[in-house]
Amino acid sequence: MKEKIYSLTNNKIWLAPLAGITDSAFRTICKECGVDVVVSEMISADGLIYNRERSLKYADFTEFQRPFGIQLFGSDPDKMAKGTEIILEKKPDFIDINMGCPVKKVVNRGAGSALMKVPDIAQKIIFEVKKILKGTKTPLSVKIRSGWDKSNMNAIDFSKKMEDSGADMICIHPRTKSQMFSGKSDWSLIKELKESISIPIIGNGDINSTQDMIDMFEQTKCDSVMVGRGILGKPWMFQVFKEYFRTGKITSTDISTKLNLIKRHFELSIRNKGEKRAIIEMRTHFSYYTKGLKGGAKVRKLINKSLEKNEILNAIELLYLSSHTPKNPTPRTQYQKPNTKNPTPKTQYPTNPL
C-alpha cells in the first residue's frame, strides 16, 4: 500500500475532478498531454444505491487513464460505505471522498464542504469507507477546503481527524466554502498542513501556469499538485509541465499542436457520446478554448448555434490562425525620399500571411 500511495503522490500532477468538465474524453486528452493522475467526476453515493446503472456510467474509464480515482460524495456514513462497495467493481486505483465542494445543491444535502462543519460525521464516513477498502489495497483520499468561512477555518484539525480515521492522502483547496472560487487561495495553509500531518498532501488552487506549479511545490513543500480550472481551454499546459520536469525550461505550445488537440478532444467526445450530444456538451470546452482571443466572442456565438462539426472546427482554426498573426509580418524598409521622376510601386503587404 505504501508503494502505491507513493506512486500517486511523489511529485505528481493531478487533474482535479470538475463536474460536467472532466469526462472521459477530456481525461484522455489530459493523459495524452502528460498529466499523471486523473479523477472521475463527482458521483453520488445515494445515486449508486438507488440508480446504480446510471451513476456507474460516470465512473467509466479506460486503462490508458490509469492511475484513476473515483470521487464519491454524500453525508450518510452507511450509504457512503455501500456506495464504495458498489464502485469497487470498477477497480479504481484509489477512492476520493469529497468534503470540499461548495456548490449549494451539494452542501444543502449535508455533503461536500458541509461535512467540515460536522467533523464527527466526516470521521465516521472515513472509518466506514476504510472498512470496505480493507484488504483491497485501494488507498483513500479526502478532498477538503480551508473551512466553512473565515471564522471557521479548521482544515488542520479536520485533516488530523481524517488521518486518524484512516485517510491515506489529503487534497486541499485553500479557500473557504464561502469564498467559492473568488479571491486568492491561501497557499500558506498548504504548507502548514504539510508540516502538521504525516500523510501525503496534494495542493490545489490557482495553478494557471507552469510558474504557478513550480511556486506551489517550492512554497508549500506539498507532495503533488492538482490542477483544476486553470487547465480549462489549455490542456497542452500539462505538456509544458512535463517538459519543465525533463529539462528545467518553460516552453510554449505552437498553434498546430493546440488545434490538433482541440480536434482530437472533439473527436473523442463524438466517439463517446455521438455527434449531436458531443457538439452540445463540448460548447463549454469551446468557450474556454476561445476565451481571451480576439474575435472569440463572435466565434462562440456561432458555435452555440451550430450543429455542424466542420463548421465549428473551421471557425476555431480561423480564430487561432488570425489571433496569432504577427502585427508586422513584413519587415519595414527604411524610409527614402520619393523619386518623383521614376516613382516605384508601393509595397503590397499581405493581409493574412498564414
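The values are calculated or read from the model by the stated rules, or taken from the named source; none is laboratory data. Bear in mind that the values here come from a model prediction, so they are computed numbers and not experimental data. Cβ atoms come from the backbone with ideal geometry, glycine included; neighbour counts cover every protein chain shown.
Which of the residues belonging to segment 271-281 are buried (at least 17 other Cβ atoms within 10 Å of the Cβ) and more than 20 Å from the chain's Cα centre (by Cα)? Residues satisfying the conditions are 273, 279. What pairs come up if the first residue lies in segment 91-110 and is touching a residue at least 40 places away in the same chain (Cβ under 8 Å) and outside the structural domain of residue 20 (by TED's automatic domain parsing), the second is among the hydroxyl-bearing types (Ser, Thr, Tyr) and outside any loop (DSSP other than H, G, I, E, B), and their beta carbons are under 9 Å apart, counting only those six or more places apart or on different chains? Nothing qualifies.
Let's see how each residue does on (1) over 25 Å from the mean Cα position of the chain (by Cα); (2) in a loop (DSSP other than H, G, I, E, B); (3) in contact (Cβ under 8 Å) with a residue 40 or more places away in the chain:
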{"residue": "286", "(1), (2), (3)": "no, no, no"}
{"residue": "293", "(1), (2), (3)": "no, yes, no"}
{"residue": "299", "(1), (2), (3)": "no, no, no"}
{"residue": "307", "(1), (2), (3)": "yes, yes, no"}
{"residue": "310", "(1), (2), (3)": "yes, no, no"}
{"residue": "315", "(1), (2), (3)": "yes, no, no"}
{"residue": "318", "(1), (2), (3)": "yes, no, no"}
{"residue": "322", "(1), (2), (3)": "yes, no, no"}
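Of the residues making up segment 304-337, those that are loosely packed, with under 12 Cβ neighbours inside 10 Å, at pLDDT 85 or above and β-branched (Val, Ile, Thr) number 0. Name, by its number, the condition in (1) surrounded by fewer than 18 Cβ atoms within 10 Å (Cβ to Cβ); (2) among the hydrophobic types (A, V, I, L, M, F, W, C); (3) more than 17 Å from residue 95 (Cα to Cα) that does not hold for residue 158. The failed condition is (1). Among all residues of segment 65-79, there is at least one that is aromatic (Phe, Trp, Tyr), modelled with pLDDT of 95 or more, within 29 Å of residue 120 (Cβ to Cβ) and touching a helix residue (DSSP H, G or I) at 6+ places or on another chain (Cβ under 9 Å).
Residue-wise test of (1) among the hydroxyl-bearing types (Ser, Thr, Tyr); (2) in contact with a strand residue (DSSP E or B) (Cβ under 9 Å, 6 or more places away or on another chain); (3) modelled with pLDDT of 95 or more.
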site	(1), (2), (3)
114	no, yes, yes
117	no, yes, yes
137	no, no, no
141	yes, yes, yes
154	no, yes, yes
167	no, yes, yes
172	no, yes, yes
177	no, yes, yes
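Anything in segment 36-54 that is outside any helix (DSSP H, G or I) and hydroxyl-bearing (Ser, Thr, Tyr)? List them, or say none. Selection gives 40, 44.
Each residue in segment 145-194 was checked for being more than 22 Å from residue 126 (Cα to Cα) and of a type in the set (Asp, Glu), and 3 of them qualify.
Here's the yes/no breakdown for (1) in a helix (DSSP H, G or I); (2) surrounded by fewer than 20 Cβ atoms within 10 Å (Cβ to Cβ):
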position	(1), (2)
56	yes, yes
61	no, no
72	no, no
81	yes, no
85	yes, yes
88	yes, yes
92	no, no
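Total residues in segment 108-130 satisfying the condition of being touching a Lys or Arg at 6+ places or on another chain (Cβ under 7 Å) and among the β-branched types (Val, Ile, Thr): the figure is 0.
Scanning segment 20-40 for residues that are surrounded by fewer than 21 Cβ atoms within 10 Å (Cβ to Cβ) and either under 10 Å from the mean Cα position of the chain (by Cα) or not assigned by TED's automatic domain parsing to the domain that holds residue 235 (or both) yields a count of 1.
One residue alone among 69, 83, 34, 74 is touching a residue at least 24 places away in the same chain (Cβ under 8 Å) and under 20 Å from residue 267 (Cβ atoms), and that residue is 34. Restricting segment 94-143 to residues that are acidic (Asp, Glu) and surrounded by fewer than 22 Cβ atoms within 10 Å (Cβ to Cβ) leaves a set whose member that is nearest to residue 41 (Cα to Cα) is 128. Please indicate, with yes or no, whether at least one residue in segment 185-192 is modelled with pLDDT of 95 or more and in contact with a His (Cβ under 7 Å, 6 or more places away or on another chain). Yes, the conditions are met somewhere in segment 185-192.
Taken over segment 180-209, the residue count meeting the criterion of being surrounded by fewer than 17 Cβ atoms within 10 Å (Cβ to Cβ) and either over 16 Å from residue 163 (Cβ atoms) or in contact with a Leu (Cβ under 8 Å, 6 or more places away or on another chain) (or both) is 8.
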